[in-house]
There are 2 protein chains.
Amino acid sequence: MMPAPDILVSEVGPRDGLQSVRQTMPTAAKLAWIRALAATGLREIEVASFVPAALLPQMADAEAVVADASSIAGLTVLALAPNLKGVQRAVGAGVHKVTLPVSASRSHSLSNLNKTPEEAVAEVRRVCEWREELRADAAFGVEVGISTAFGCTMQGAVDEDFVMRLAEQLALAGVDAVGLSDTTGYASPTQVRRMFKRLREALGDKAGAAHLHNTRGQGLANVVAALDAGVTTFDASQGGLGGCPYAPGATGNIVTEDLVFLLESMGLRTGIDIQRLIEARALIADGLPGEPLYGHVPDAGLPRGFVYADGRAP
Amino acid sequence: MMPAPDILVSEVGPRDGLQSVRQTMPTAAKLAWIRALAATGLREIEVASFVPAALLPQMADAEAVVADASSIAGLTVLALAPNLKGVQRAVGAGVHKVTLPVSASRSHSLSNLNKTPEEAVAEVRRVCEWREELRADAAFGVEVGISTAFGCTMQGAVDEDFVMRLAEQLALAGVDAVGLSDTTGYASPTQVRRMFKRLREALGDKAGAAHLHNTRGQGLANVVAALDAGVTTFDASQGGLGGCPYAPGATGNIVTEDLVFLLESMGLRTGIDIQRLIEARALIADGLPGEPLYGHVPDAGLPRGFVYADGRAP
C-alpha cells in the first residue's frame with residue numbers, strides 16, 4: 001500500500017474530456033488510456049457518463065469501460081449519471097462512486113439538465129434514498145459538484161447564498177461530498193477562497209472537490225486560492241481535454257500535468273508521476289487523432305534539479 | 001489626475017518582448033504600440049534596452065523610442081541598461097527609470113552578462129554613485145530585478161540565502177527597488193510567498209516587483225502567492241511576448257491581459273482597460289507579422305456581468 005497523498009487529483013478526462021469532443025474514442029483506446037492514467041499513480045478517474053447513448057454517443061460504451069476500469073487495483077472508478085436510472089446502470093456496471101449534476105444557474109440547469117436546480121436536488125435525494133434501501137447489499141459513493149457556482153455565461157452572476165443553500169440541501173439529502181465547479185471559467189481567487197471557506201464552514205467534512213477551468217488562464221491561480229481554503233481534492237483533465245458542451249465558450253478544464261507539477265512543487269504529495277503522465281498523452285493522440293492538447297509542463301519539461309514532494313527524483 | 005492603482009502593472013513587452021524575437025519591429029510600429037499601451041491605462045512601460053546595437057539590433061532605436069515615449073503624459077518610461085555607460089545613454093535620452101541586470105545564478109550571470117553576480121552588483125554601485133554626483137541636475141530611478149532568483153536552467157537550484165544577500169547589497173548600494181525574477185519558470189507559489197516575504201523583511205519599502213514567467217503554466221498561480229506576500233508591482237508582457245534569449249527554454253512572460261483580468265477580478269484596481277489592451281494586440285501583429293501571441297482572456301473575452309474593481313462596467 002502506498003501512503004495517502006496530501007491532495008487527491010481526480011482525473012476527469014475520460015468522461016468530461018471525451019464527451020466534449022466531436023470524435024468518439026474507440027473503446028480499446030479508452031481502456032488503454034485509463035490503464036496508463038492509473039499507472040501514473042492517479043487514484044481516482046471519472047471514466048464514463050451513464051446517459052442515453054443517443055444523447056452522447058461518445059459514452060455508449062460506459063458499461064464496458066467501467067467493467068475494465070474497476071478491475072484496476074487501487075483505483076476509485078467514478079461515473080457521472082444524470083438521474084436515478086443512470087445511477088442504477090452505473091452501480092450495476094460496478095462503479096465505486098457516482099457524481100450527479102446540479103447547476104446553480106437556473107438557465108444553465110434548464111438548458112443542460114432540463115430541470116430546475118430544485119428538481120435536480122430532488123433527483124439527487126431519490127438517489128440517496130435508493131442507496132439507503134440498498135445499504136446492506138451495495139456500497140457506493142455519491143458526490144455532487146455544483147456547476148456554474150462562480151457565474152454563468154447565460155445568466156451572468158450567480159447568487160452565492162443560493163449556491164450555499166443548494167450545497168446544504170445536498171448534504172442533508174445524504175450526499176457524501178459537495179464540491180463547487182467553475183464550469184464557465186468565471187472564478188477569481190478571491191471568490192474561490194471565500195466560497196470554499198463558506199462551504200467548509202457549512203458542510204464540514206462533506207465539503208468536496210474544486211472543479212476549475214482555465215478558460216481565462218486563471219485555473220491554477222484559483223487552485224492556490226482553493227488550497228488556502230483547505231480544499232484537498234481537485235478535478236483536472238489530461239491535456240486540458242474538455243469543458244462543458246452545453247455552456248458556450250466553457251472549454252478548458254485545468255490540465256492534470258500542470259496541476260500535479262504545481263502541487264508537487266508546493267510540497268504537496270499527489271503520488272503521481274509527471275513523466276508517466278506526459279507519456280500517457282500519446283494515447284489520447286492515438287485515440288483522438290488531431291485533437292488539440294494543452295499544458296505547459298509537457299512542452300517545457302521538469303526543471304533541472306526538480307524533486308517530488310516526497311523527496312523522490314524524477 | 002487618476003487615483004493611484006492598488007497594483008502597478010509594469011509592461012515589459014516593448015523591451016523584454018521585442019528583444020526576444022527574431023524580427024525587428026520598425027520604430028514607427030513600436031511608437032504606435034507604446035502609445036496604444038499607454039492609452040489602456042498602463043502607467044509604466046519598459047520601452048528599450050541600451051545595449052550596443054551590434055548585440056541587439058532590435059533595440060538599435062532606443063533613443064528615438066525613449067524620446068517619443070517620454071512625451072506621453074503620466075507614463076513612467078523605463079529602460080534596461082547593462083552598465084554605467086548604458087545608463088548614461090538612457091538618462092541622456094530621457095528615461096525616468098533604469099533597470100539593471102543582476103543574476104543570482106553564477107552560470108547564467110556569466111553567460112548572459114559576462115560578469116559574476118558580484119561584478120554585476122559592483123556595476124550597479126557605480127551607477128548609484130554616478131547618480132549621487134548628478135543629484136542636483138538629474139533625477140532618475142534605479143531598479144534591479146534579480147534574475148534566476150528561483151532556479152536556473154543551467155545550474156539548477158539557486159541558494160535563497162545568496163539571493164537575499166544580493167538583494168541587501170543592492171539596497172545598500174542605493175538602488176530604489178529590488179525585485180525577484182523567475183527568469184526560467186522554475187518558481188512555485190510556496191517559494192514565491194516565502195522569498196517575497198523574506199525580501200520585504202530584509203528591504204522594507206525597497207522590496208520591488210515580481211517578474212514571473214508562465215513557462216510551466218504557473219505564472220498567475222505565482223502572482224496569487226506574491227500578492228499574499230505583499231507585492232504591489234508586477235511585470236508582464238502583452239501577448240506573453242518574450243522571455244530571456246540567453247536562458248534556454250525560458251520563454252513565457254506572464255500575459256498582461258490575463259494578469260490585469262486576475263487583479264481586477266480579485267478587486268485590485270490597476271487603472272487598465274482590458275478591452276483596449278485586447279485591441280492593442282493588433283499593433284503587435286502589424287509590427288511583427290506572424291509572431292505568436294499568448295493569453296486566454298483575449299480569446300474568451302470578459303465574463304458576462306464583469307465589473308472592474310472600481311465598479312466600472314467594461
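The values are calculated or read from the model by the stated rules, or taken from the named source; none is laboratory data. Given the structure is predicted, the values throughout are model-derived calculations rather than measurements. Ideal geometry is used to build each Cβ from the backbone, glycine not excepted, and the neighbour counts take in all protein chains shown.
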Task: Residues (modelled with pLDDT under 95, buried (at least 24 other Cβ atoms within 10 Å of the Cβ) and over 14 Å from the mean Cα position of the chain (by Cα)) located in segment B:248-280 - done: B:250
TODO: Would you mind telling me which numbered condition in (1) within 14 Å of another protein chain (Cβ to nearest Cβ); (2) part of a loop (DSSP other than H, G, I, E, B) residue B:115 fails?
DONE: (1)
TODO: Answer yes or no: is there a residue in segment A:186-206 that is in a strand (DSSP E or B) and either within 18 Å of the chain's Cα centre (by Cα) or away from chain B (no Cβ under 14 Å) (or both).
DONE: no
TODO: Scan segment A:185-207 for residues that are more than 20 Å from residue B:309 (Cα to Cα) and touching a helix residue (DSSP H, G or I) at 6+ places or on another chain (Cβ under 8 Å) and jot them down.
DONE: A:196, A:198, A:199, A:202, A:203, A:206, A:207
Task: Sole residue being within 22 Å of the chain's Cα centre (by Cα) and within 14 Å of chain B (Cβ to nearest Cβ), chosen from A:158, A:175 - done: A:158
TODO: Please work out if residue A:232 is surrounded by fewer than 24 Cβ atoms within 10 Å (Cβ to Cβ), within 11 Å of chain B (Cβ to nearest Cβ) and in contact (Cβ under 8 Å) with a residue 12 or more places away in the chain.
DONE: no
Open item on the list: Residues to consider are A:77, A:121, A:127, A:91; find the one that is over 30 Å from residue B:306 (Cβ atoms), touching a residue at least 40 places away in the same chain (Cβ under 8 Å) and in contact with a helix residue (DSSP H, G or I) (Cβ under 6 Å, 6 or more places away or on another chain).
Closed with: A:127
Task: Within segment A:260-314, tally of residues that are within 8 Å of chain B (Cβ to nearest Cβ) and under 23 Å from residue A:34 (Cβ atoms) - done: 3
- [ ] Check off (1) farther than 20 Å from residue A:15 by Cβ; (2) surrounded by 15 or more Cβ atoms within 10 Å (Cβ to Cβ) for residue A:134 and give me the number that stays unchecked.
- [x] (2)
Task: Residue identified as assigned to a helix (DSSP H, G or I), closer than 18 Å to residue A:44 by Cβ and within 16 Å of the chain's Cα centre (by Cα) among A:226, A:209, A:236 - done: A:226
Open item on the list: Considering only residues that are in a helix (DSSP H, G or I), over 17 Å from residue B:266 (Cα atoms) and of a type in the set (A, V, I, L, M, F, W, C), which ones fall in segment B:286-312?
Closed with: B:300
Task: Given (1) among the polar types (S, T, N, Q); (2) at pLDDT below 95; (3) touching a Ser or Thr at 6+ places or on another chain (Cβ under 6 Å), number of the condition residue B:111 does not satisfy - done: (3)
Task: Selection status of residue A:163, away from chain B (no Cβ under 14 Å) and without any contact (Cβ under 8 Å) to a residue 60 or more places away in the chain - done: yes
Task: Subset of segment A:62-74 that is more than 18 Å from residue A:99 (Cα to Cα) and touching a residue at least 24 places away in the same chain (Cβ under 8 Å) - its residue that is surrounded by the most Cβ atoms within 10 Å (Cβ to Cβ) - done: A:68
- [ ] Provide a single number: the residues in segment B:11-54 that are within 15 Å of residue B:282 (Cβ to Cβ) and either touching a Lys or Arg at 6+ places or on another chain (Cβ under 6 Å) or modelled with pLDDT under 95 (or both).
- [x] 1
TODO: Of all residues in segment A:26-50, count the ones that are part of a loop (DSSP other than H, G, I, E, B) and crowded, with 23+ Cβ neighbours inside 10 Å.
DONE: 3
Open item on the list: Being without any contact (Cβ under 8 Å) to a residue 12 or more places away in the chain, within 29 Å of residue A:167 (Cα to Cα) and not small (Gly, Ala, Ser) is true for just one of A:101, A:52, A:82. Which residue is that?
Closed with: A:52
Task: Within segment A:128-174, considering residues that are assigned to a strand (DSSP E or B) and in contact with a Lys or Arg (Cβ under 8 Å, 6 or more places away or on another chain), the one farthest from residue A:210 (Cα to Cα) - done: A:156
